[in-house]
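S.K.: The following block contains the structure, expressed as structure tokens.
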Amino acid sequence: MSSTLLIVEDNEMNRDLLTRRLQKKGFSTVLAVNGVDAMQRLDEVDVDLVLMDMNLPVQDGWTTCQMIRRDPQLQHLPIIALTAHAMTNDRERARAVGCTEYETKPINFQQLLGKIQKLLAWQTTAN
Amino acid sequence: MQEKYSEPQETADTAHPSARSLTSQVAVLEQELASLMQDNPATPELQHGLTSLGEALDKLKQCVDYRPLQSSPEGERTWLHDFRNNINAVRGYTEMCLEDTSDSVQRLTATLQAILQCNEELLSSFPPIAEQTITPDVVPANDDARTGRLLVVEDNDANRAILCRQLTKTGHTVCEAKSGVEALRQLEDASVALDLILLDLMLPDMDGFEILQHIKNTASLREIPVIMISGQLQDAEVIRCIQAGAEDYLFKPVNEILLRARINASLERKSWRDREQTYLAELSNSHAFIRQTFGRYTSEDIANRLLEHPDGLDMGGSLQEVTTVMTDICGFTGLCNRLLPTEVVLLLNNYLGTLSDVIVSYGGTVDEFIGDAILAIFGAPLSSDDDADRAVACAIAMQHAMDVVNQKNMALGLPAIRTSIAVNTGTVIAGNIGSETRSKFGVVGQSVNITARIEDIAGADDVLISQCTLNALQKKVSVGPALALRAKGLDRIITVYAVNYSATPSAEPTPTYHE
């Protein structure tokens, strides 16, 4: 059974790009365009991992990560933060709000894929 | 707009000399793509990928062309974010195309790799902003750069797009709503903390005025400033909106400078209100602190009643009948000479602390520590019928508590001490005495002086009460023979009695004041 990834990204091109490339690698994808949307998707669908852009409209990724970590149902869900890395301290901030992993844009896809597989493998072992 | 954003050909003269080479690099990328498309790639999948790559290159070009020349750190950060998102798309689509290209199509592979390389060069010319330049969570000290989370409610797509773009470039986070219903839905979402709403007066489904009223009638939304935007140049409309609680009003076409100024002013006012809220929260905390601190010297019941009726603490006073209790350590001056200063303080704290607890537990108020003496009041600031009874019971309990004091002293290697206690009842002036800046609740009057005189003649372990106190008692107390006290400064003889407290069963604090 393929793992389901939630992609939270407001930039349409990047959302399309990630979806296409991840589907090619055999993942199922669920999409959200902002933090509020993401929380709703998480409510509706069983998700194995979240790819979260941090700079989002309506409700940003920082707040959304904190909300996920406070939710007893979701607190162990792996989150990979995706930031445009406009600031050098984004990595520390991502860690502070509870992200499991961190990738900067432009994304090194092979590296991202490695992180996704590693986190999913851990989760399977844990379960 | 015009003075802030420059056309590409002007960029050579500006603060960013790399902008021109950047533009030309994007042009190279586009040329590569054009030749690539001519090769008429085989699979539809690759065709799809190449089309997307073309779009991504367009976006990247736009982004580079419209780089703000002078911008706030926040604006610069927004641009950089946008730029890296576009670079990301170009890299991703190119890599995807490369995966879909068979090795036999060598020219295609080479071109895509050239695009990748240009893309990476472009990326390396704009490193991330160092952390110290701006900390995202801190409001910039420069008020010109105040930014916030804005909701733009406007049905016209073009107008909304322009507004959003202007606002985003200024560094604001912008949410959009096309209709009244959508606006209300976004507002209902409690997780969104908005700093400002730009509201079009004419909407297809609802009147902007209705939305304004809804916002101002909803407690959780009331504090968000609303700037109305309208095409109508009618004063009556403006007045109606301002009266309904709109922060400001703008006419279409919206002048960008005016818009920025009004948004800044609104955000500034909101930030003050937010600060005020924080201050109120702090005040409420300190209120709790007062309750706790005050509770150390008076019963919590009295502290609560005082805090609920703060006028009870007005300056000035009132005449009240109170029973005052005064205690003193016997031979304290001698002790001070024998002990180290630190030991004296230990001993005093032990004594004052233990006895204060007893006083508070009997519903009394510790008015003052005078050296080794305690002055406690029963009947002020709030009086009750059994003030004298509680005062005497308290005095006896304090004598019993001396065992506890001395056990603690011995554990610390300090000498045992004994205390004498005087109780008197009479009319005093009770109130806040002092200046506005430094005042305390207290009692003054002849009755207090008499208590002190009685205390002077009280011996170790004594509880001496005056005739007035004896008269005020509701319950019978066993006392010794009457003693006449003629003291300096008193115009009459005071009759006092020693309480036979060892014969009196140790009285429990009265239930009214005891928890």
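S.K.: List pairs: first in the stretch A:7-22 and buried (at least 22 other Cβ atoms within 10 Å of the Cβ), second assigned to a helix (DSSP H, G or I) and of a type in the set (Ser, Thr, Tyr), Cβ under 7 Å, 6+ apart or cross-chain?
M.R.: Hits for this filter: A:Ile7/A:Thr19; A:Leu17/B:Tyr93.
S.K.: Another question, if that's okay. Within the group B:Val392, B:Val366, B:Val405, B:Val448, which residue is assigned to a helix (DSSP H, G or I), of a type in the set (Val, Ile, Thr) and touching a Phe, Trp or Tyr at 6+ places or on another chain (Cβ under 6 Å)?
M.R.: B:Val405
S.K.: For A:Thr19, which of the numbered conditions (1) in contact with a Ser or Thr (Cβ under 9 Å, 6 or more places away or on another chain); (2) closer than 29 Å to B:Glu74 by Cβ; (3) within 14 Å of chain B (Cβ to nearest Cβ) fails to hold?
M.R.: Here A:Thr19 clears every test but (2).
Residues checked against (1) in a helix (DSSP H, G or I); (2) within 44 Å of the chain's Cα centre (by Cα):
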position	(1), (2)
B:Met326	no, yes
B:Thr342	yes, yes
B:Asn349	yes, yes
B:Thr354	yes, yes
B:Ile377	no, yes
B:Pro381	no, yes
B:Ile396	yes, no
B:Asn409	yes, yes
B:Gly413	no, no
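S.K.: Looking for whichever is under 22 Å from B:Asn119 (Cβ atoms) and not acidic (Asp, Glu) here; the options are A:Arg70, A:Arg95, A:Arg21, A:Arg91. Which one fits?
M.R.: Within the list A:Arg70, A:Arg95, A:Arg21, A:Arg91, the selection yields A:Arg21.
S.K.: Now, a different point. Restricting to the stretch A:40-56, name every residue that is within 14 Å of chain B (Cβ to nearest Cβ), over 20 Å from B:Arg91 (Cβ atoms) and crowded, with 19+ Cβ neighbours inside 10 Å.
M.R.: Of everything in the stretch A:40-56, those that are within 14 Å of chain B (Cβ to nearest Cβ), over 20 Å from B:Arg91 (Cβ atoms) and crowded, with 19+ Cβ neighbours inside 10 Å turn out to be A:Leu42, A:Leu56.
S.K.: So, in the stretch B:211-237, exactly how many residues are β-branched (Val, Ile, Thr) and modelled with pLDDT under 80?
M.R.: Residues in the stretch B:211-237 being β-branched (Val, Ile, Thr) and modelled with pLDDT under 80: 0 in total.
S.K.: Return a yes/no flag: does the stretch B:130-142 have any residue that is at pLDDT below 75, in a loop (DSSP other than H, G, I, E, B), in contact with a helix residue (DSSP H, G or I) (Cβ under 8 Å, 6 or more places away or on another chain) and closer than 17 Å to B:Leu50 by Cα. Talk me through it step by step, then tell me what you get.
M.R.: Taking the stretch B:130-142 as the starting set, the residues that turn out to be at pLDDT below 75 are B:130-142.
Remaining after also requiring in a loop (DSSP other than H, G, I, E, B): B:130, B:134-142.
Next cut, in contact with a helix residue (DSSP H, G or I) (Cβ under 8 Å, 6 or more places away or on another chain) only: B:134, B:136, B:139-140.
Add one more test, that the residue is closer than 17 Å to B:Leu50 by Cα, and what stays is none.
Scanning the stretch B:130-142, I find no residue that is at pLDDT below 75, in a loop (DSSP other than H, G, I, E, B), in contact with a helix residue (DSSP H, G or I) (Cβ under 8 Å, 6 or more places away or on another chain) and closer than 17 Å to B:Leu50 by Cα, so the answer is no.
S.K.: Right, something else. Is one or more of the residues making up the stretch B:31-46 surrounded by fewer than 16 Cβ atoms within 10 Å (Cβ to Cβ), at pLDDT 65 or above and outside any helix (DSSP H, G or I)?
M.R.: yes
S.K.: Moving on to the next point. Give B:Ser356, B:Ser361 a once-over and let me know the one that is touching a strand residue (DSSP E or B) at 6+ places or on another chain (Cβ under 8 Å) and polar (S, T, N, Q). Walk me through how you get there before you give the answer.
M.R.: Numbers: B:Ser361 fails: touching a strand residue (DSSP E or B) at 6+ places or on another chain (Cβ under 8 Å).
That would be B:Ser356, the only listed residue that is touching a strand residue (DSSP E or B) at 6+ places or on another chain (Cβ under 8 Å) and polar (S, T, N, Q).
S.K.: Here is a further query. What do you reckon, is A:Cys99 away from chain B (no Cβ under 11 Å), part of a helix (DSSP H, G or I) and in contact (Cβ under 8 Å) with a residue 12 or more places away in the chain?
M.R.: Against the criterion (away from chain B (no Cβ under 11 Å), part of a helix (DSSP H, G or I) and in contact (Cβ under 8 Å) with a residue 12 or more places away in the chain), A:Cys99 does not qualify.
S.K.: Return the only residue of B:Ile454, B:Ile465 being touching a residue at least 24 places away in the same chain (Cβ under 8 Å) and in contact with a Phe, Trp or Tyr (Cβ under 7 Å, 6 or more places away or on another chain).
M.R.: Only one candidate qualifies: B:Ile465.
The values are calculated or read from the model by the stated rules, or taken from the named source; none is laboratory data. All figures in this text were calculated on a predicted structure; none of them were measured in a lab. Heads up, the Cβs are rebuilt from the backbone with ideal geometry, glycines too, and the neighbour counts pull from every protein chain shown.
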